[in-house]
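Reading through the structure tokens given below for one structure.
The values are calculated or read from the model by the stated rules, or taken from the named source; none is laboratory data. Values in this document were obtained by computation on a predicted structure and should not be read as measured data. Counting neighbours? That spans all protein chains shown, and the Cβs are built from the backbone with ideal geometry, glycine included.
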Amino acid sequence: MIKKGLSYIGIFFLYLLSLFPFWFLYLISDILFVVIYYIIGYRRKVVQQNLQNAFPEKTIPERKDIERKFYRYFADLIVETIKTISISPKELSKRVKATNPELVHKLLNIDKKIVAVAGHYGNWEMLALGITSITDKKFMIIYKPLSNSVFDRFFIRTRSRFRGIPVAMKMVLRKMVELKNEPFITVLLGDQTPVKHESTYFTTFLNQPTAVFLGLEKMAKSFDCLVYFCDLRRVKRGYYTYTAVSLIDDAKEAKPYEITKAHVQYLEKVIREKPEYWLWSHRRWKFKPEDIENAVVD
């Protein structure tokens, strides 16, 4: 009961904080950066190990520079995500823009099912809200439930503020079957870490064998979806552009693992161009192929 009470108090203060303008939130971000990087050292060993494994060709000073830039952006990401609690559609339209709006408009209106994949790169929460604020199409946002039920319900409400339909990962197929007779868009993050007992497929990602969910590929094939990558880029503080990039036009005819490799390789290309905007504190490599019975390594 005490835990629930504290959670509600925390949510109340997060909402109040979200009402402040961006310039004020970025002042908080500047302080937050010092705290999480220099004082607390939040997951610095995880970040350093991930960077070393991903970029063995880079010098220590080069990786150190990426590390510091990542934490600088991570602080911004925190306050920007808080801002999404109350941000208006008008404000979002200024801050999240498509580089190919004609194609995006077409995809939002065609009578086809679409799987849109992104990664933990840039502000994916602002991206999802930005797109759901401009479409009437059914728009499923796949998420991993939080262990804290109060915060989980709160973030579900935040993600569904406009027309988004948050769907827990284990409920995705059921929801897609429910909507099988109408067009919809499913958006998900392709770089989530699968649980160990579901990890059978490994492909090379950032210089190392990486377990990847096959759910996206299965969904696309089962429902004959168009597969697009949401190429999100940061322009400056609080401003982003995204590009809809076609990966697979005919999912049913795609070879095994072709869809999965396509989105993994595209995300890696994006990360290598500006690595500081990926979530390096993510414990992405929890196990290796040799830890999994009957693992497929591609």
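Does segment 234-248 contain any residue that is β-branched (Val, Ile, Thr), surrounded by 18 or more Cβ atoms within 10 Å (Cβ to Cβ), modelled with pLDDT under 95 and within 16 Å of the chain's Cα centre (by Cα)? No, segment 234-248 contains no residue that is β-branched (Val, Ile, Thr), surrounded by 18 or more Cβ atoms within 10 Å (Cβ to Cβ), modelled with pLDDT under 95 and within 16 Å of the chain's Cα centre (by Cα). In segment 7-36, the residue that is surrounded by the most Cβ atoms within 10 Å (Cβ to Cβ) out of those that are closer than 16 Å to Arg68 by Cβ and not aliphatic (A, V, I, L, M) is Ser29.
Arg153 falls short on exactly one of the conditions (1) without any contact (Cβ under 8 Å) to a residue 24 or more places away in the chain; (2) not in a helix (DSSP H, G or I), and that condition is (2). Looking across segment 113-141 at every residue that is over 15 Å from Leu232 (Cα atoms), among the aliphatic types (A, V, I, L, M) and modelled with pLDDT of 80 or more, the one that is farthest from the chain's Cα centre (by Cα) is identified as Ile114.
Here Ser147 fits the description: within 30 Å of Gly5 (Cβ to Cβ), of a type in the set (Ser, Thr, Tyr) and either crowded, with 19+ Cβ neighbours inside 10 Å or free of Cβ contacts under 8 Å to residues at least 60 places away in the same chain (or both).
Screening Lys255 with (1) touching an Asp or Glu at 6+ places or on another chain (Cβ under 8 Å); (2) free of Cβ contacts under 8 Å to residues at least 40 places away in the same chain gives one miss only, at (1).
Arg43 meets all of the listed conditions (1) charged (D, E, K, R); (2) in contact (Cβ under 8 Å) with a residue 24 or more places away in the chain; (3) surrounded by fewer than 12 Cβ atoms within 10 Å (Cβ to Cβ) but one, namely (3). Here's a check for you: in segment 195-232, which residue that is of a type outside the set (A, V, I, L, M) and part of a loop (DSSP other than H, G, I, E, B) is modelled with the lowest pLDDT? Here the answer is Ser199.
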